[in-house]
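Below is one structure; the comments refer to it alone.
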Amino acid sequence: RSMAVDAIMGADELYDVAKFRVKGSTAAAPIAQKESAAGEKVWLVPYSIKKPNFQQEDISSVEKFNTSYNYYIFSCSAPENAVGCPFVNKNGQVIGLMHSNGKVTAIDANYAKQLKVTGLTALDAALRETSIRTSLPDTEQDAITMMTLKKGQCTADEYAQYADEFIEKFPTSAFGYKEKSAYLTDKVEYDAAAKLMEECIKKAAAKDEAHSNYADLIYQKIAYKGDSTYTAWTLDKAIDEAQKAYAAKPQPVYKHQEAQINFLKGNYQKAYDMLMDLTKTPINSGELYFEAAQAKTQLKAPSKEIEVLLDSAVNVGNRTGIVGTYYLARAQFLAEQKEYRRAIADFNMYDSIARPVDPAFFYARYQCELKIRMWQQALIDIARTCYLAPQQPTYFAEWASLDLRVKRIDEGISAASHCIELAPEYADGYLLLGLLQKEKNMKAEALKNLQKAKELGDPRAEEYIKKMK
């Protein structure tokens with residue numbers, strides 16, 4: 001009879017064996033603990049949808065592999081569909097599984113039995129190709145490692161199966177409950193998620209983790225889903241859970257969590273005060289100063305106060321080795337303050353650390369370079385911006401505009417033409433193309449494109465047309 005496979009519990013590609021768990025129950029065949037010697041008679045139990053015909057064979061020789069396991073060699077032939085079928089001794093005990101490498105052999109059944117998965121099994125390419133779910137390891141930390149790796153490799157429904165297995169294997173660990181509750185929250189099954197987190201709080205050995213995870217679940221739901229229909233989950237409840245986590249185990253990380261929830265709630269002064277208190281604890285980091293700067297921004301504090309906090313974020317971040325984000329934040333702040341040269345220095349530091357590929361980054365630096373007439377650098381950055389966002393017509397319009405400004409007429413015509421190809425109803429493309437053609441004494445073409453810009457509603461086009469006539 002057939003059975004559905006639940007999960008692979010281990011595999012070895014070299015010896016072509018796998019161990020898996022099935023859904024259902026069946027009597028297990030006993031595995032021989034004593035090896036069979038050369039010359040002994042054993043029986044192959046072949047695959048058959050009817051009653052199988054046992055095939056008696058003599059063992060030609062026995063070799064050892066991996067120190068203590070037996071590799072049985074036979075001089076017989078066997079049908080192809082017998083690969084993986086068991087060889088049994090006279091007592092009906094399985095000695096090995098048939099393996100074919102040009103001749104009939106058998107891999108010690110004890111070797112297959114000892115196969116297991118580890119936290120890094122999720123990276124095994126051979127197992128991933130099977131499309132069969134991998135069983136979780138038997139230790140909690142290895143299981144967490146595997147689930148962390150699996151999260152980006154499987155669907156949400158498949159990941160939920162891992163969460164269920166984790167809860168079954170480690171019922172006193174808070175991790176599995178959080179992962180399954182997050183899945184239920186994504187499915188808008190808030191009641192089920194809430195009940196599971198309450199169960200977690202009752203069963204988890206680390207009560208602080210359970211309460212903190214519940215606080216984070218509520219925080220994430222309110223911050224990123226914005227669904228107000230489930231009224232049982234409020235920011236006040238999230239704060240309460242974070243406070244309970246701290247009461248269970250007074251760790252500053254839980255105070256940080258409470259500060260972040262207060263920020264989301266709009267309690268900016270309270271959040272700021274808590275964050276600054278945390279800078280005097282062992283978890284002092286650039287992140288605390290960065291978040292404090294965000295709170296001060298919401299409080300409409302003087303720009304100098306915000307700048308001091310961002311400076312601290314960069315200084316502390318440099319000591320801890322996590323600093324890129326804070327250079328970027330300070331660059332954006334300085335750009336808003338029209339401190340363009342200082343902003344560019346920070347943008348450059350971020351570029352050297354993070355190697356960004358976001359067109360918005362290069363466009364922001366380009367705008368600063370433009371303000372202080374760093375033409376060459378600005379040309380490089382607007383070109384990068386267009387390369388990274390090839391379907392965005394406004395970036396090509398900017399490129400054409402800068403080319404016009406520095407008298408790169410042919411390059412500008414190319415950029416403006418591409419802008420028009422991307423957005424035939426975008427007036428800026430026609431206006432810039434017309435002005436560039438005017439510089440090249442292409443009067444007829446220039447007038448035609450300026451007229452098109454006018455028809456599309458650009459008020460500047462009329463003045464240029466009058467001047468040309």
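The values are calculated or read from the model by the stated rules, or taken from the named source; none is laboratory data. Keep in mind that what you see is a predicted model, and the values were worked out from it rather than measured. Neighbour counts run over all protein chains shown; Cβ positions are idealised from the backbone, glycine included.
Values for this structure:
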| quantity | calculated |
| --- | --- |
| Meets criteria (surrounded by fewer than 19 Cβ atoms within 10 Å (Cβ to Cβ) and either closer than 22 Å to Ala364 by Cα or in contact with a Leu (Cβ under 8 Å, 6 or more places away or on another chain) (or both)) for Lys338 | yes |
| Evaluation of Pro52 against (1) at pLDDT below 85; (2) exposed (fewer than 10 other Cβ atoms within 10 Å of the Cβ); (3) not basic (Lys, Arg) (one fails), failing number | (2) |
| Test: residue in the stretch 286-303 that is free of Cβ contacts under 8 Å to residues at least 40 places away in the same chain, over 24 Å from Lys207 (Cα atoms) and β-branched (Val, Ile, Thr) | yes |
| Lys195 at pLDDT 95 or above and either basic (Lys, Arg) or under 22 Å from Asp124 (Cβ atoms) (or both) | yes |
| Cross-chain or 6+ apart pairs with Cβ under 7 Å, the stretch 180-206 first and among the acidic types (Asp, Glu), then in a helix (DSSP H, G or I) | Asp186/Ala156; Glu199/Tyr177 |
| Any chance Ala378 is assigned to a helix (DSSP H, G or I) and within 30 Å of Tyr430 (Cα to Cα) | yes |
| Boolean, Ala7 is loosely packed, with under 11 Cβ neighbours inside 10 Å, among the hydrophobic types (A, V, I, L, M, F, W, C) and either touching a residue at least 24 places away in the same chain (Cβ under 8 Å) or over 30 Å from Ala163 (Cβ atoms) (or both) | no |
| Hits in the stretch 103-141 - residues which are closer than 29 Å to Pro30 by Cβ and among the acidic types (Asp, Glu) | Asp108, Asp138 |
| Subset of the stretch 34-86 (residues that are in contact with an Asp or Glu (Cβ under 7 Å, 6 or more places away or on another chain) and more than 21 Å from Asn110 (Cα to Cα)) | Cys76 |
| Residue check for Asn81: in contact (Cβ under 8 Å) with a residue 24 or more places away in the chain, surrounded by fewer than 18 Cβ atoms within 10 Å (Cβ to Cβ) and within 18 Å of Ile31 (Cβ to Cβ) | no |
| Helices (runs of 4 or more DSSP H) contained entirely in the stretch 250-323, each with at least 1 residues that are under 27 Å from the mean Cα position of the chain (by Cα) and buried (at least 22 other Cβ atoms within 10 Å of the Cβ) | 252-265, 286-298, 303-320 |
| Residues that are surrounded by fewer than 17 Cβ atoms within 10 Å (Cβ to Cβ) and modelled with pLDDT under 85, drawn from the stretch 125-149 | Ala125, Ala126, Arg128, Glu129, Thr130, Ser131, Ile132 |
| Matching option when the condition is assigned to a helix (DSSP H, G or I), closer than 18 Å to Tyr363 by Cα and acidic (Asp, Glu), among Glu421, Glu462, Glu411, Glu398 | Glu398 |
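Residues are listed down the side, and each one gets a yes or a no for (1) assigned by TED's automatic domain parsing to the domain that holds Asp311; (2) acidic (Asp, Glu); (3) surrounded by fewer than 20 Cβ atoms within 10 Å (Cβ to Cβ):
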position	(1), (2), (3)
Ala354	no, no, yes
Tyr363	no, no, no
Cys368	no, no, no
Lys371	no, no, yes
Asp403	no, yes, no
Glu411	no, yes, yes
Ala415	no, no, no
Leu432	no, no, no
